[in-house]
Amino acid sequence: MEAVIAGVIGLLAACGIYLLLRGRTFSVVLGLALLSYAVNLFLLAMGRLAIHRPPILASGRTDYVDPVPQALVLTAIVIGFAMTAFLIALALRARRETGSDQVDGVEMVDSVTRLEP
Amino acid sequence: MIPIIPLIPLLGALLPLLTRQHGRNACAWATAVGAVVSLALLLWLSPPVFKGVVLQSGWQWLPELGLNLTFRLDGLALLFGLLITGIGLLVILYARYYLAERDDLSRFYALLLLFMGAMLGVVLADNLLLLLVFWELTSLSSFLLIGYWHDRIDARQGAQMALIVTAAGGLALLAGILLLGHIAGSFELSVVLAAGETIKNHPWYPVMLVLILLGAFTKSAQFPFHFWLPHAMAAPTPVSAYLHSATMVKAGVFLLARLFPILAGTDLWFYLVGVTGLFTLLFAAYAALFQHDLKGLLAYSTISHLGLITLLLGLGTPLTAVAGVFHIINHAIFKASLFMAAGIIDHETGCRDMRQLNGLFKYIPWTASLAMTAAAAMAGVPLLNGFLSKEMFFAQTVHLTAMGDTSWLLPVLATVAGIFSVAYSARFIHDVFFNGEPINLPRLPHEPPPYLRAPVEILVAICLLVGIAPAYTVAPLLATAAASVVGGPLPSYSLAIWHGFSLPLLMSALALIGGAAMYWRRRRLFQLRDRYPLPDGKFLFECGLTAGIVIARRLTDTLENGSLHRYLSLLIGMAAVVGVVGGWQGGFLTEHQLFQPVDLLSLLVVLLLALTAVLTVFWQRQRLVAVVMLGGVGLTVVLAFVRFSAPDLALTQLTVEVVTTVLLLLALRYLPLDAPLESTAGRRLRDAGLAALAGIGVAALTWGILTRPPQSELADYFLATSLLGGGGANVVNVILVDFRGFDTLGEATVLVIAALGIAALLSGGLPSSTTLSSPPSGIEARWPLLLRVSAGLLLALTLLLAAYIFLRGHNLPGGGFIAGLVTVLALATQYLAGDFHRTTAQLALNYQRLIAGGLMLIAVTGLASGLFGYPFLTSTFAHIGLPIIGDVEIASAMAFDLGVYLIVVGSVMMMLLEPGRPEAMEFEWKP
């Protein structure tokens, strides 16, 4: 299972980074979201994989997964959302200022291939 | 006591500024106080030093870094200290009468004292890092003093050049000293000086030596770093006399002398220091002859004499070291007096050009006599101090056998240098004081005020005294200073004027006759020089500087070209490189053990995750589809959280996922729905390669961690104390609101800052909408009836759910974060189901106030624990028995969690509402 999980976290990160490197703001937002999923899963994995061992104390149970990474990830999820929201606001502001959704605010010359409706 | 010596002038630098309104004399007296006290202290402490004792004192400063305020007073430090304070006093007197009424005397004196303190610090420091601090301070004060007449462009350029060259050397010196301290195991000179053999045999010795020499050579204006010194002559003449001949430029040779016992004696030292010194000696003596500027001649002569001292130290024998120290003394005295004499001539005639200055002897006979005596000392005429050290130098070159078959070369070159030195001294004497009549002088000179001349008289008297009776004047000081340079028993040497007929005497005679002859035939030499001009150091320096700026700018433009793609590629590429190198060296993939078997359910979740992620990338240009796919990834992550025992995370992710999707859809109203295919196949391939590389790195890292046994100390601690210390069974929630409450406060604040930032970013309005094909015909028709009707009911139910999740959070999955997000969903549904303005009015919620209330609540809860004498955010809990309901637990952490709840609701609602404003709906119609 460890190899499968490591592989899928790597795949999520790779997909996220590929989208981060695209030239349009919306792709960057999507990429960052994917990368946050990868990071959150990675942080959770720091507590090792465990099934049916939630860190909720109950009488008769002694076997719990490490709660510390979960506490970190919980706030990370919320802050990750804040970052996505901020990036969206930035993208909207940039589009208002430059009229473009290109990340550098400059339309490339060969963007004539834009799909016409 | 010793630390006070440099401290007094440094603090005393304030005195001239404080006394400026009491007139120039008061200012000069106030300045002199600092120098006199330091000089008196030195003399008071000197008797044991003459007996060979090394005085040390100081205290610790930053012992972790090896930087301490430790000082030492040995023979070398005493010699330099006396030169600095003694000549400093004379310069203070001289400057009082030299500087014009319109010049700001107090600023000049303040800088001069600053320099004096810094220079005393250099020579008295026992700690090498401390020495470096003072070293840089001398560079800075030199910069300010050269640029004293800051309205003149040559002063500014000269100051800048001096600072760049000496500060660059200072950087090299810093690196060298760090290496030296590393090798010797300490930065204290008392330790370092005892580790000579270790240092010389260390493999880093060559690198360290070159770095230290770079510092010394730039400071002491050795070729090829000499060019800054002639341009530093733009400084007022007292500064030239003090810093740029007697003291600061000697800091480099001081350092060589200071480290002589531990660095000298190797072949590398011999060739690097010796050859640099020899070449500088010859080259600068040659260049000095052709200077038309009086101070320019003296500047090149200074470079040449510094080269001579460097050469003597470079030869590396105890006797040459003695000669080097002796020449340091003699040069300081005769060159300071020469500069002051040149300053008097400049002061009296308003001109420094030797082509105009002729025949001044009959106007200023007394000053002329003094200047001629000092110049004769510079030329090495017998019965003057310069003769003695030059004779010692000649004698050493004759006896040196280190160069084997070419040993004859050194005495020959030494004689050539002597000839040039006599020739330029002759030019100084003959051109200025004789050689016809003055040409077009601004004014004809008179004898200067007696106090302006007095320092020159004192210095020339010392030249004569040392020259005539060395054994009764300079001998003890020389012996004690040389002893601390040699670092062992002193070799036997004689300071007698007459050694009988010998080869050195013949060399001296040859130099005198040859120099006179050369000056006699100077026209031929001038023609030769005009045909083969020397390269202009300033020009080359400026070319180098310009080239450096151009290269730096190009590099910056390449790295920082304004393209996000470039930055991210560099960042990710670098991270991948670091990761690969680290992983390779760390070997964390070599050992592994597996804990969790593959099961079908987990495998399904993972496959779904992979599929949705890949599809998000695949459909990224059809953005609506991409948002759906991204939502799929998020929901699958929720499943993963559920599967791997993280119920709190699953709840959080679920609610966040819904809010994120709403937000992305809102954003798509203002961004194109479809993206163009604009990047080339090559670039896509390159990006994919980079992404794959990074992905493999992340996977390897995860694998490396997952396959080694967990460290469970922290987990065990929190699991054991959660119920007892925090009063809750949900350990994740207890960590968040209790154990790590301060962290959570910080993270909640980040959320607030993001919300405020978004509000600020979008306060100017939104971009024009891109997706609305037509304005809806009837406003009401836009909201489905069913949704509108059920929304009110949903609100009540969802809020009830939120309250339930909040209350159970301490013991079961839930808590403030999740309850807050559920509340956001309830509120957002109201906006989806109805008109924006009407909903806002109906809800009547002020989200900024909600945020502020949440923060206040957390702060009050945190501070309340202070009332009972506990640290900030300490929590408490109690069980209360209520009728009917039964046992209820009240925890103060609940108030904290309520604060978190309010912050989450306020912030996330702000983030949603800002881009959700309906104003944007009324934008232009697009086909």
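No lab work stands behind these numbers, since they all come straight from the coordinates. Quick caveat, the model's predicted, so the values are computed rather than measured. Every residue, glycine as well, gets a Cβ built from its backbone with ideal geometry; the counts of neighbours run over all protein chains shown.
Looking at B:462, B:474, B:450, which one has the Cα that reaches farthest to the positive end of the dipole of the protein assembly as shown (charges on Cβ: Lys, Arg +1; Asp, Glu -1)? Sorting the options by dipole projection puts first B:450.
The length gained by stretching the chain between residue B:517 and residue B:680 to full extension, at 0.36 nm per residue less their Cα-Cα distance, is 50.8 nm.
Approximating the spin labels as points 7 Å out from Cα along Cα→Cβ, the residue B:472-to-residue A:96 distance works out to 9.3 nm. The packing ranking, built from the mean of other Cβ atoms within 10 Å per residue, places the peptides B:347-354, B:542-549, B:306-313 in the order B:306-313, B:347-354, B:542-549, highest first.
By how many nm would the segment from residue B:496 to residue B:618 lengthen if fully extended, with 0.36 nm per residue of separation less the alpha-carbon distance?
Details: separation 122, 0.36 × 122 = 43.92 nm, distance 9.50 nm.
Fully extending the segment from residue B:496 to residue B:618 adds 34.4 nm.
The HN-Hα couplings worked out from phi for segment B:866-876 by the Karplus form 6.51 cos²θ - 1.76 cosθ + 1.60 (θ = phi - 60°) are x, 4, 9, x, 9, x, 3, 6, 5, 10, 9 Hz, whole numbers, x standing for Gly and Pro. Using a cutoff of 8 angstrom between alpha carbon atoms and counting only pairs six or more residues apart, the relative contact order for chain B works out to 8 percent.
Averaged over the residues of peptide B:561-574, the number of Cβ atoms from other protein chains lying within 10 Å of each residue's Cβ is 3. From helices alone, chain A scores -22000 deg cm²/dmol at 222 nm; the rule is -39500 (n - 2.57) for each run of n ≥ 4 DSSP H residues, then divide by the residue total. Is any residue of segment B:187-202 close enough, with backbone N under 19 Å, to a label point placed 7 angstrom from the Cα of residue B:53 along the Cα-Cβ axis, and if so, which? Taking a point 7 Å out along Cα→Cβ of residue B:53, the residues of segment B:187-202 whose backbone N falls under 19 Å are B:190. Helix content alone sets the calculated 222 nm mean residue ellipticity of chain B: runs of n ≥ 4 DSSP H residues at -39500 (n - 2.57) each, divided across all residues, give -23000 deg cm²/dmol. Along the axis of the charge dipole computed for the protein assembly as shown (Cβ charges of +1 for Lys and Arg, -1 for Asp and Glu, origin at the Cα centre), the listed residues B:90, A:32, B:528 are led at the positive end by B:528.
What FRET efficiency comes out for residue B:868 versus residue B:724 if R0 is 25 angstrom and r is the Cβ-Cβ distance? Round to the nearest 0.05.
On the way: r = 19 Å, r/R0 = 0.75.
Plugging the Cβ-Cβ distance into 1/(1 + (r/R0)^6) gives 0.85.
For segment B:603-675, the square roots a ≥ b ≥ c of the C-alpha gyration tensor eigenvalues yield an a/c of 1.5 or more together with a/b not exceeding b/c, which makes the shape oblate.
For residue B:390, which lysines qualify as cross-link partners when the Cα separation must be under 18 Å and same-chain residues fewer than eight apart are set aside? Residue B:390 reaches B:250, B:335.
Sorted by packing (mean other beta-carbon atoms within 10 Å per residue), highest first, where do B:176-186, B:635-645 land?
B:635-645, B:176-186
Put simply, the amide H of residue B:127, placed in the peptide plane, has neighbours under 5 Å in B:70, B:189, leaving out anything fewer than 5 places away on its chain. Counting Cβ atoms of other protein chains within 10 Å of each Cβ in A:31-39 and taking the mean gives 5. Projecting label points 7 angstrom from Cα along Cα→Cβ for residue B:152 and residue B:749 puts them 5.5 nm apart. Note on residue B:61 and residue B:574: with the Förster distance fixed at 56 Å, the Cβ-Cβ geometry gives a FRET efficiency of about 0.95. For the protein assembly as shown, the Cβ-based charge dipole about the Cα centre amounts to some 2240 debye (Lys, Arg positive; Asp, Glu negative; other atoms uncharged). Between residue A:66 and any residue 5 or more places off or on another chain, the built amide H atoms are never under 5 Å apart. Calculated FRET efficiency, residue A:53 to residue B:832, Cβ-Cβ distance, R0 = 41 Å: about 0.60 to the nearest 0.05. Taking every residue in B:815-825 and counting other chain Cβ atoms within 10 Å of its Cβ, the average works out to 1. When peptides B:23-32, A:97-106, B:86-95 are sorted by average Cβ neighbour count within 10 Å, with the highest value leading, the order is B:86-95, B:23-32, A:97-106.
Residue-wise HN-Hα couplings along segment B:555-572, as the Karplus relation 6.51 cos²θ - 1.76 cosθ + 1.60 with θ = phi - 60° gives them from phi, are 4, 4, 4, 6, 6, 10, 9, x, 9, 4, 4, 4, 4, 5, 4, 4, 4, 5 Hz; Gly and Pro carry x.
Here the 3J(HN,Hα) profile of segment B:323-330, calculated from phi with Karplus coefficients 6.51, -1.76 and 1.60 at θ = phi - 60°, is 4, x, 4, 4, 6, 4, 4, 5 Hz, Gly and Pro shown as x.
Set Lys and Arg Cβ to +1 and Asp and Glu Cβ to -1, take the dipole of the protein assembly as shown about its Cα centre, and tell me which of B:436, B:710, B:167 lies farthest positive. Result: B:436, furthest along the dipole toward the positive end.
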